[in-house]
Amino acid sequence: MPPERRNRMKSNRSTRGKPHQKTPMMPKQRLGARPAGPAPKGAPSSQRKPPARPGAATATIAVAIEEERRLRLQNRLALEEDKPDVERCLEELVFGDAEDDGDALLRRLRGPRIQVHEESDDSELENEAKDNFPPQKRPVWVDEEDEIEEMVDMMNNRFRKDMMKNASESKLSKDKLQKRLKEEFQHAMGGVPAWAETHRRKKSSDDESEEDEDDLLQRTGNFISTSTSLPKGILKMKNCQNANAERPTSARISSVQFHPGAQVVMVAGLDNAVSLFQVDGKTNPKIQSIYLEKFPVFKACFSANGEEVLATSTHSKVLYVYDMLAGKLIPVHQVRGLKEKIVRSFEVSPDGSFLLINGVAGYFHLLSMKTKELIGSMKINGRVAASTFSSDSKKIYASSGDGEVYVWDVNSRKCLNRFADEGSLYGLSIATSRNGQYVACGSNCGVVNIYNQDSCLQEPNPKPIKAIMNLVTGVTSLTFNPTTEILAIASDKMKQAVRLVHLPSCTVFSNFPVVRRKTISCVQTMDFSPRSGYFALGNEKGSALMYRLHHYSDF
């Protein structure tokens, strides 16, 4: 290889291995500014210049930015001189003073914002300008009453009193009470239920059906409309404490009736006592007991307004009236014009105007409820087995011992209709519904015929809607519930001889009386409460059994 080419290759190799050996340029030379003194001489290539310090480069950049800002402000002031005063004042109100820099205007327009950590290639000065946000403003005015915690009284509320842990917690703040309620709920539920955990969210947010289910479980309300009528088949009910649990007796219970306007039940029997109990389904505390000397009660009944209690005996013609408001016991020894030796069975009209007494030899007598005076008497063929008023108190239905039913007008005391109870040889009981739709007749063979009241008034031989044949002994008790959805039938000749009939399907509820494990003794009397859904039975063993039905709207 020639010597010239060999030297040229050596020089190229030396320059290729040592890049960036140019003479560094001063900052002022790059910006075009020349120094005042003479130009420095070029240093020989063998000497290396040290690199420029970072602080000097940053200061140079700051000087350039400040110069550019000064020129921009000078141009803006020159333009402002030609604008009118009104326009200049408006711009100052909207955009700020003209002397403010552009970064300050941008900060006011953007407002406070959340810092997002991102990788950025901005310079250190720009990052410092972005971080200089205005501080959080403090409230101008604070209400002192808002800072005071409202205290809740725990002693005078029976529900909150149970949540107190000690006597010092007679008053708690709302926050502490809320925490205490949460603790009580979690203790009762065994922890926080899944539907109450609001922080849990479904993984698949696209599934709208699952989100709808979550919203449904976190809200309360009647999502399913309730039925307007009671369904047949199985009746939901629960056992309650006996009505006379605080005054037990071994004598036969002859009368059980609920007060027409209060949560009170009356229990009377052959132990010469009439007792009143407060109905709560748990303890049923006793209110009062009235003892009638040598007066075994055959029947006791509330007046229509609930202010009086009427009682008759098994072997006396005296009628006792107990005034509940005055607390007085008034005996009615003799009713003028009434020639009955024994007064036992009687009925009170729904409007509270009349008192009907069943006599002997087919007679029954109508009395004034207010004065206890005789208004008039009526007579049927045979013996009066049972009688009752219609729901409007304008008619009387009487069942005879010959198996016939008589319909009488109260005002004129005339017989409107007379018909034979189908299949009955001997009538024992009769009842009418409160809506004026049904008439039920019970016979000695255990059959209960349900008639339509209109057909009983118009047809000479009405046909029953349904014949209930679930009992095999004489039906001695018939009672409709206040909503005319249930008919209770019972016999005092056999144990467990009690059934509840669904209306209008006229089918028997299959789960009664097997709802109670203990055998129900012979039922003597029955009654439904007007509003609370209780059903009471009085038996020969001295017990007033009580149930609560779940179909009532206020249960």
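When every Cα-Cα distance of the range 429-502 is counted in 5 angstrom steps from zero, the calculated P(r) takes the values 4, 17, 28, 25, 16, 8, 2, 0 percent.
Between rounded, prolate and oblate, where does the range 334-419 land on the alpha carbon gyration tensor, with a ≥ b ≥ c its root eigenvalues, rounded for a/c under 1.5, else prolate if a/b exceeds b/c?
Values: a/c = 1.79, a/b = 1.16, b/c = 1.54.
Cα axes put the range 334-419 in the oblate bin.
Here the Karplus relation 6.51 cos²θ - 1.76 cosθ + 1.60, evaluated at θ = phi - 60°, turns the backbone of the range 362-379 into coupling constants of x, 8, 9, 10, 9, 10, 7, 6, 7, 9, 6, 9, 6, 9, x, 10, 10, 9 Hz, with x for every Gly and Pro. For the range 248-311, the C-alpha radius of gyration divided by 2.2 N^0.38 Å, with N the number of residues, is 1.06. Summing charges over all other residues whose Cβ lies under 12 Å from the Cβ of ASP175, with Lys and Arg as +1 and Asp and Glu as -1, gives +3.
Residues in the range 274-284 carry Karplus couplings, in order, of 10, 10, 10, 10, 7, 8, 9, x, 10, 10, 6 Hz; the curve used is 6.51 cos²θ - 1.76 cosθ + 1.60 with θ = phi - 60°, and Gly or Pro positions show x. Put a plus charge on the Cβ of each Lys and Arg, a minus charge on the Cβ of each Asp and Glu, and nothing anywhere else: the dipole of the range 463-549 about its Cα centre is then about 220 debye. Share of carbon and sulfur in the accessible area of the range 277-366 stands at 53%, probe radius 1.4 Å.
Taken one residue at a time, the phi angles of the range 317-333 give Karplus couplings (6.51, -1.76, 1.60, θ = phi - 60°) of 9, 7, 10, 8, 10, 9, 7, 6, 6, 8, x, 10, 9, 10, x, 9, 6 Hz. Gly and Pro are set to x.
If the limit is 22 Å between Cα atoms, which of LYS339/LYS379; LYS372/LYS541; LYS317/LYS395 go over it?
Values: LYS339/LYS379 14 Å; LYS372/LYS541 34 Å; LYS317/LYS395 26 Å.
Violating the 22 Å Cα-Cα cut-off are LYS372/LYS541; LYS317/LYS395.
Count Lys and Arg as plus one, Asp and Glu as minus one, and take only other residues whose Cβ is under 13 Å from that of MET151; the net charge is then -1. In this entry, the range 354-477 is assigned a mean projected area of 7.2 nm², taken as a quarter of its C-alpha convex hull surface.
Sorted by packing (mean other beta-carbon atoms within 10 Å per residue), highest first, where do 416-425, 172-181, 306-315 land?
Values: 416-425: 16.2, 172-181: 13.7, 306-315: 18.5.
Descending packing order for the listed peptides: 306-315, 416-425, 172-181.
Starting from the Kirkwood Rh over alpha-carbon pairs, what translational D in µm² s⁻¹ does the range 145-186 have by Stokes-Einstein at 10 °C and 1.306 mPa s? Stokes-Einstein gives a translational diffusion coefficient of 147 µm²/s.
The values are calculated or read from the model by the stated rules, or taken from the named source; none is laboratory data. Keep in mind the model is a prediction, meaning the values are calculated, not measured. Every residue, glycine among them, receives a Cβ derived from its backbone with ideal geometry; neighbour counts consider all protein chains shown. Surface areas here come from the heavy atoms of the whole protein model, side chains and all, with no ligands, DNA or RNA. Shrake-Rupley method; radii C 1.70, N 1.55, O 1.52, S 1.80 Å.
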